[in-house]
Amino acid sequence: MGAERVLLVGCELTRGGSGWALEASLAELGQLARTAGLAVVGQERQRLARPNPATYVGSGKAAHLAEIASSLRAGVVLFDDELAPNQQRNLEEIFGEGIKVIDRSALILDVFAAHARSREGKIQVELAQLEYRLPRLTRMWTHLARQAGGRSAGRAGVGVRGPGETQLEVDRRRVRNRIGRLRRDLRAVAAARSGHRERRRRNRIPVAALVGYANAGKSTLMNALTGANVRAEDRLFATLDPTTRRIRADDVQMLLTDTVGFVQKLPANLMAAFRATLEEVVEADVLIHVVDACHPMARQQAAEVVRVLGGLGAADRPTVTVLNKVDRLPDGSPLPDVMEAGEPARPIPLSALRRQGFDELRAALAQAARR
Ligand SMILES: Nc1nc2c(ncn2[C@@H]2O[C@H](COP(=O)(O)OP(=O)(O)OP(=O)(O)O)[C@@H](O)[C@H]2O)c(=O)[nH]1
Ligand SMILES: [Mg+2]
């Protein structure tokens, strides 16, 4: 069986753009789609003053997309921006049977679900997926079928429990119950994790956390510095679960943690669900911000990481910024300028693959840890 065929759709809002060129955002969406095992068969764009409340794109464009999708034999139409539940439903109606409509958030959740290994990671992903799906459950699979025993079937309103509920209401209740359960499980795992951190703190071992955009080379650097055997691959979200190892930076013993990378437009409920994992980052003494120096959007990627860290309350943490993959930069080409205005330290050029720049990194780490 071949991979499922997907048509990408990106919109450029003429107001309130994010600074990401549409092309770059679509390229990243395509990379995410391939990571999820989909085959990208086409790309469509539209410039919009504001999203159409019913169909996100304009209604003429929606009809046009239906034609293109069927001529390309695409089974999935993937939107780069988050669709409201009703927009998704309306589009599915326009595209007709056999064509699924999903958005970047749903895709990211799928990729996370496929990569989660630890119990905690799996709980976090399932929680985020259910929260995403809850408002999107439809009557499609239920046709308002009344449950057996529904006496007051005709008059049962939303929120009425027990006999008389529609199948949709039952489904929603099940999902809500499951969400409640997952939240409790997560609290228990998070408590164990914070216990670990507490012990580390008592042992006074400083912790450095690798942070950065997805695919920047965090795990490769982790492996090179610590001899760990973390999976490092040329795809987004290769790492979800945090790994921690000891390192020596000059005369300072430290712990180094590798964790999930960021991309733009990470779904908010995913960030919330990953709070416990991300606390490893938030509570680190030092951050190593790994930037892919070869990436055409290096500057925007670095800014996005800084923005996400700010949202997590870690913006003021001592940070060592490294420009990774310099071995791939053509000779004489300038390093990208990724520093925020007013930042004192210069970024350290480095190659995790060739183990270049490590002395300077160790010295900077030791200095930051002693502070
Ligand atoms: N040329 C070159 N490639 C590198 C370097 N560091 C990492 N890579 C490659 O970049 C890709 C991504 O590396 P990872 O270490 O998995 O990146 P990551 O930041 O951990 O990615 P996620 O876990 O997905 O966020 C892999 O194909 C690496 O081989 C480097 O210094 N030079
Ligand atoms: Mg990784």
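Annotations for the structure displayed:
- D250 meets each of the listed conditions (1) open to solvent by 30 Å² or more (accessible area, probe 1.4 Å); (2) near ligand 2 (Cβ under 9 Å from one of its atoms) apart from (2).
- Condition check for L309: buried (at least 21 other Cβ atoms within 10 Å of the Cβ) and assigned to a helix (DSSP H, G or I): yes
- Restricted to strands (runs of 3 or more DSSP E) entirely inside region 39-107, those with at least 3 residues that are open to solvent by 10 Å² or more (accessible area, probe 1.4 Å) are 39-48.
- Residues that are more than 28 Å from D250 (Cα to Cα), of a type outside the set (K, R) and surrounded by 13 or more Cβ atoms within 10 Å (Cβ to Cβ) do not occur anywhere in region 342-357.
Here is a yes/no grid of residues against (1) within 16 Å of ligand 2 (Cβ to nearest atom); (2) within 25 Å of A36 (Cα to Cα); (3) buried (at least 19 other Cβ atoms within 10 Å of the Cβ); (4) among the aliphatic types (A, V, I, L, M):
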| site | (1), (2), (3), (4) |
| --- | --- |
| A232 | yes, yes, yes, yes |
| F237 | yes, yes, yes, no |
| R246 | no, no, no, no |
| T257 | yes, no, yes, no |
| L278 | yes, yes, yes, yes |
| V305 | yes, yes, yes, yes |
| N324 | yes, no, yes, no |
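- Selection within region 152-186 - of a type in the set (D, E, K, R) and either modelled with pLDDT of 90 or more or in contact with a Leu (Cβ under 9 Å, 6 or more places away or on another chain) (or both): D171, R172, R173, R174, R176, R178, R181, R183, R184, D185
- Looking at R328, R307, R362, R355, just one residue is closer than 27 Å to E279 by Cβ, over 22 Å from the mean Cα position of the chain (by Cα), of a type outside the set (A, V, I, L, M, F, W, C) and assigned by TED's automatic domain parsing to the domain that holds V282, and that residue is R362.
- Residue check, P267 out of contact with any Pro (no Cβ under 8 Å at 6 or more places or on another chain) and open to solvent by 20 Å² or more (accessible area, probe 1.4 Å): no
- In the set (1) surrounded by 18 or more Cβ atoms within 10 Å (Cβ to Cβ); (2) in contact (Cβ under 8 Å) with a residue 24 or more places away in the chain, E169 fails one condition alone, (2).
- Residue within region 209-225 that is among the hydroxyl-bearing types (S, T, Y), within 13 Å of ligand 1 (Cβ to nearest atom) and open to solvent by 30 Å² or more (accessible area, probe 1.4 Å) present: yes
The values are calculated or read from the model by the stated rules, or taken from the named source; none is laboratory data. These figures come from a predicted structure and were not determined experimentally. So basically every Cβ, Gly included, is an ideal-geometry build from the backbone, and we count neighbours across all protein chains shown. Just so you know, the surface numbers come from the protein's heavy atoms only, side chains and all, with ligands and any DNA or RNA stripped out. Shrake-Rupley method; radii C 1.70, N 1.55, O 1.52, S 1.80 Å.
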